[in-house]
Amino acid sequence: MNRTPAPYDGVAVCAPVTAPYVRFSPESAHWWAGKLLRQLAEDTGFGPADIDGFCFASFSAGPDTAVGLTQHLGLTPRWLDHLPTGGASGVMALRRAARAVQCGDAEIVVCLAADTNQIDSFRHSLANFSRFSQDAVYPYGFGGPNATFALITDAYMRAFGVTREDFGKLCVAQRANAMSNPLALQRRPLSLEAYLAARPIADPVHLFDCVMPCAGAEAFIVTTPEIAKARGLAAASVLATIERHNAFPEDPVQLRGGWAMDIDQFWASAGISPADVDSLQVYDDYPVIVAMQLADLGFCKQDEVADFIRRTSFDIDGDLPLNTNGGQLSAGQAGAAGGFQNMTEGLRQILRQPLGDQVPNAEISVVSGFGLVNYDRGICTGAAALRAMK
Amino acid sequence: MTERSPREKRDPLARKKARHVSPATRSRAMHAMSARAAQGRFVLQVCTDCDKATYPPRDACPYCWGELVWQDRPNGAEILCETIIRTSTDLYFRDHLPWRMGKVALDAGPVALVHLHQDLGVNDRAAVRLMLDRGGNAALFALPPTGEIDMTDPQLREFTVPVAGKTVLVSDASSAIGLAVVKALHDAGAGLIIAGMLPPERLTDQKHPILNLDGVQPVPLDIVDQVSLSEALSKVGGPLDIVINTARHVRGGGVSEQANIVEQRRAFDVSAIGFTRLAQACAPMLAGRSHGAFVDLISSDALAGATDNAAFAAAEAARLSLLQSFRHEMRSTGVRVLSVFTGPVEDEHHQPVPPPKVAPARLAAAIVDALHQGREQSCVGDVASDAMARWLSDPMLYAREKNL
């Protein structure tokens, strides 16, 4: 059906950087972007003149886009992209930057997501999120994403027999993983009992099913293996990627995402199978989306997801190390940077630069993104498989 | 007064409760849906090419990119999933938590998020009604498909105007219409009905049994007269929940033929200037109430003029215009402004008019029903319904026909 995508020859991904998150920040998205570029420069030695490609994702930089950021931050790129795709923006930035580098349109592309979280700014960004939300979601109780995902969670639990205990296992494992990550906002141990006893937010979603909105920034560099080597930067190659938007629009409730449309091609292009994955970094705005990705990415069958969760260990030293920095559920959700932290963490584990504990012998990371609830479901999905370069 | 609940006591120093309304920003397509919801219709956009229905409102068909038009569609549905929202960043919903909502598969095709009635759950069948929320915008409300609907559902109450126990002002209760409205409000359990008596009638002359019912308080009132209006409102002496403007000055006559300037001036004084005075005086009182409403009785002659009642029709047209502006002003306060259109009424003013005519009791029942359903626009009787249908389909043709 589809032409097989060309392999990502001559592409190196390197230099994951994370600006430590804070719950609230009086600063702007521009400030967070600048702070992170400075950190990136210190880590890599690249200055403004070196960067010839720039890809930017943010919800709170308005009225500016990537365009305003170039002048604001003194960049003169010959390749520029702005991604409005939130939780899917990390994978999508990688895809676009990789082809730009591979084809010679740019050599050193900085992919960066930055968002601030001022007091009360979350309410305002919710109120103006999308036209369908304004017309047909927020007038119905204004529960924000919690309500949207409560409906998905309710339907998902009924359809596949997944229980709160199953979701709890995912959240508890991610919290355990977060405990070694000094940058995670929530590092206190979480027990299954505490998870189950948490207050309801929008039934069946309870407190520990929800991410904490915060301010922060994430970035990585896509360049050539030669430049990475010359700069002494550990790098990874891209085995395969997929991307899909508005998949399965006829499904009455979202019980699967766009990954399910392209996943066979994904594993075939990557030349590996789910069993070869050393670290899995999936988008985790709510645990139901984690469960959905476990099935849609091919780690288990859709109707066996409950059983798969029950028999798998998701800890850093477990069967399938999952969201090893704690994910957004424990590390925090810094707007669009929440769609980048899976990329930076997946890279860190295979480049042996973890923020916290190292997944033993990690060579291959799979990163998965999910973004933008335009109406009743997440629209944008993507995934990437990365392998450490020798 | 034994069976009626005592009136709400008010501490003059108590902090006034802030009234918020549901989030108001909508697309133009959604406003088109709201305009139809105001008429009590259940509509969806349907493609003129592929005939598929779509929701939320779009500007092109998502199946074939054809043109979308609004059509009445069946409102049956099945409930797919549900949630109870317990936290919100929105000030209106924070005042009304917890809030139940869900997702339904409409028989008409699309899926939709809906407000859920307390008697409904997942897998239940539902009848989805298109109602106006407190911000005046259309919203889908899933109700039990059969049997009596429990109107005490706290969410449903937000979409309606309860009458029981409320204080209601009827601007002109001395007419046949006014008396019927007072009676209907009384039967619906209104707590206190302030019945405006148009001078020169005197309160001591009021022997009509309706005006002597429990909870009915006649007061002298001519909305054209600011002093009279202020005095009448000062006698309310407590919260005012609902105003029903029944005042009108019906007289025959054309523009150049059989015209009477004095009558015309009086008609404008009542329908337009009087309306404004009443609205100005009552708006702040209604705005503080949890279910404030202003109902205006208006002639369907307001839509396109009337050769035989030219001055009255013109005054009613002015009233319609003012009503639309007033409705918009009140949106931000959550006060519902309802219009009830009628043709000729079976009363002394329409003595020379042939049937069909609307009985005052029917008109009164329609007013109470409009409140209970939260319906912004109603047409009572065949004449008004026919007038509205013809005006909606071809206003220029209707104006021509109406004035032949």
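Computed over region A:2-87, the P(r) tail beyond 19 angstrom holds 48 percent of alpha carbon pairs.
Chains A and B together bury roughly 2900 Å² of accessible surface, counting both sides and using a 1.4 Å probe on protein heavy atoms.
For each pair in A:35/B:103; B:17/B:235; B:166/B:207; A:169/A:390; A:229/A:301, compute the distance between the two Cα atoms and list the pairs where it is over 31 Å. Where the Cα-Cα span goes over 31 Å, the pairs concerned are A:35/B:103; A:169/A:390; A:229/A:301.
Rolling a 1.4 angstrom probe over chain A with all protein chains present gives an accessible area of which 52% lies on carbon and sulfur atoms.
Take every DSSP beta bridge with both residues inside the protein assembly as shown and express the antiparallel ones as a percent of the total, to the nearest 5. Of all bridge pairs located within the protein assembly as shown, approximately 60 percent are antiparallel.
Sequence-ordered 3J(HN,Hα) estimates for region B:264-276 from the Karplus curve with 6.51, -1.76 and 1.60 and θ = phi - 60° stand at 4, 4, 5, 4, 5, 4, 6, 6, 9, 5, x, 4, 4 Hz, glycine and proline given as x.
Average projection, convex hull of the Cα set of region B:167-402: 12.4 square nanometres.
Burial annotation for region B:14-39: residues with an accessible-area loss of at least 10 Å² between the isolated chain and the complete set of protein chains, computed on heavy atoms with a 1.4 Å probe, are B:23, B:25, B:26, B:27, B:30. Relative contact order, whole percent, for chain B stands at 15, derived from Cα pairs under 8 Å and 6 or more residues apart.
For the protein assembly as shown, the 222 nm mean residue ellipticity estimated from helices alone, with every DSSP H stretch of n ≥ 4 adding -39500 (n - 2.57) and the total spread over all residues, rounds to -9500 deg cm²/dmol.
Summing Lys and Arg as +1 and Asp and Glu as -1 over all other residues whose Cβ lies under 14 Å from the Cβ of residue A:334 gives a net charge of -4. The residues of region B:28-154 expose on average 40 square angstrom of accessible surface per residue, using a 1.4 Å probe on protein heavy atoms.
As a length-normalised measure over Cα pairs under 8 Å and 6 or more apart, the relative contact order of chain A settles at 27 percent.
Across the protein chains, with a 1.4 Å probe defining accessible surface, the residues A:24, A:167 rank A:24, A:167 from largest area downward. Once the convex hull of all Cα atoms in region B:258-392 is built, its volume per residue stands at 111 Å³. Working from label points 7 Å from Cα in the Cα-to-Cβ sense, the residue B:329 to residue B:369 distance is 3.1 nm.
Expressed per residue, the C-alpha convex hull volume of chain A stands at 126 Å³. Residue-wise HN-Hα couplings along region A:312-322, as the Karplus relation 6.51 cos²θ - 1.76 cosθ + 1.60 with θ = phi - 60° gives them from phi, are 10, 9, 9, 6, 4, 9, x, 5, 9, x, 10 Hz; Gly and Pro carry x. Percent of Cα pairs in region A:192-327 per distance bin of 5 Å, from zero to the largest separation: 2, 8, 13, 18, 20, 17, 11, 7, 3, 2, 0.
How much of the pair distance distribution for region B:28-154 lies past 21 Å, counting alpha-carbon pairs only, in percent? Summing the P(r) tail past 21 Å for region B:28-154 gives 42 percent. For chain B, the spread of Cα coordinates along the three principal axes comes to 63, 58, 34 Å, biggest extent given first.
Apply the Debye scattering formula to region A:286-390, with a single equal point scatterer on each alpha-carbon and no solvent, then give log10 I(q)/I(0) at q = 0.18, 0.20, 0.22 Å⁻¹. Debye output, listed in q order: -0.95, -1.17, -1.37. Can you give the % of DSSP beta bridges in chain B that are antiparallel, to the nearest 5? In chain B, approximately 50 percent of DSSP beta bridges are antiparallel ones.
When the other protein chains are added to the chain by itself, burial of at least 20 square angstrom of heavy-atom accessible area (probe 1.4 Å, ligands and nucleic acids ignored) affects these residues of region B:57-87: B:57, B:58, B:59, B:80, B:81, B:82, B:83, B:84, B:85, B:86, B:87. Take every pair of alpha-carbon atoms less than 8 Å apart whose residues are at least six positions apart; their mean separation over the length of region B:28-154 yields a relative contact order of 23 percent.
Using θ = phi - 60° in the Karplus curve 6.51 cos²θ - 1.76 cosθ + 1.60, the 3J(HN,Hα) couplings for region A:383-390 round to 8, 9, 10, 10, 10, 5, 7, 6 Hz; x is entered for Gly and Pro.
Using a probe of 1.4 angstrom and keeping all protein chains present, the accessible surface of region A:10-54 works out to 39 square angstrom per residue.
Considering only B:84, B:223, B:194, the mean-square fluctuation computed in a Gaussian network model of chain B, springs between alpha carbons under 10 angstrom, is largest for B:84. Charge tally around residue B:145: other residues with Cβ under 14 Å, Lys/Arg +1 each, Asp/Glu -1 each, net -4. Over every Cα atom in the protein assembly as shown, the radius of gyration and the widest Cα-Cα span, Dmax, amount to 32.3, 105 Å. Neighbours of residue A:19 by Cβ distance under 13 Å: Lys/Arg scored +1, Asp/Glu scored -1, total -3.
Within a straight-line Cα-Cα reach of under 25 Å, residue B:357 can be paired with the following lysines, leaving aside sequence neighbours fewer than 8 residues apart in one chain: B:183, B:402.
Bridging of residue B:16 to aspartates and glutamates at a Cα separation below 15 Å is possible for B:8, B:95, once same-chain residues fewer than 8 apart are set aside.
The values are calculated or read from the model by the stated rules, or taken from the named source; none is laboratory data. Just so it is clear, the model here is predicted, and its values are computed rather than measured. Virtual Cβ from ideal backbone geometry, glycine too; neighbours counted across all protein chains shown. Calculation scope for accessible area: heavy atoms of the full protein, side chains included, ligands and nucleic acids excluded. Shrake-Rupley method; radii C 1.70, N 1.55, O 1.52, S 1.80 Å.
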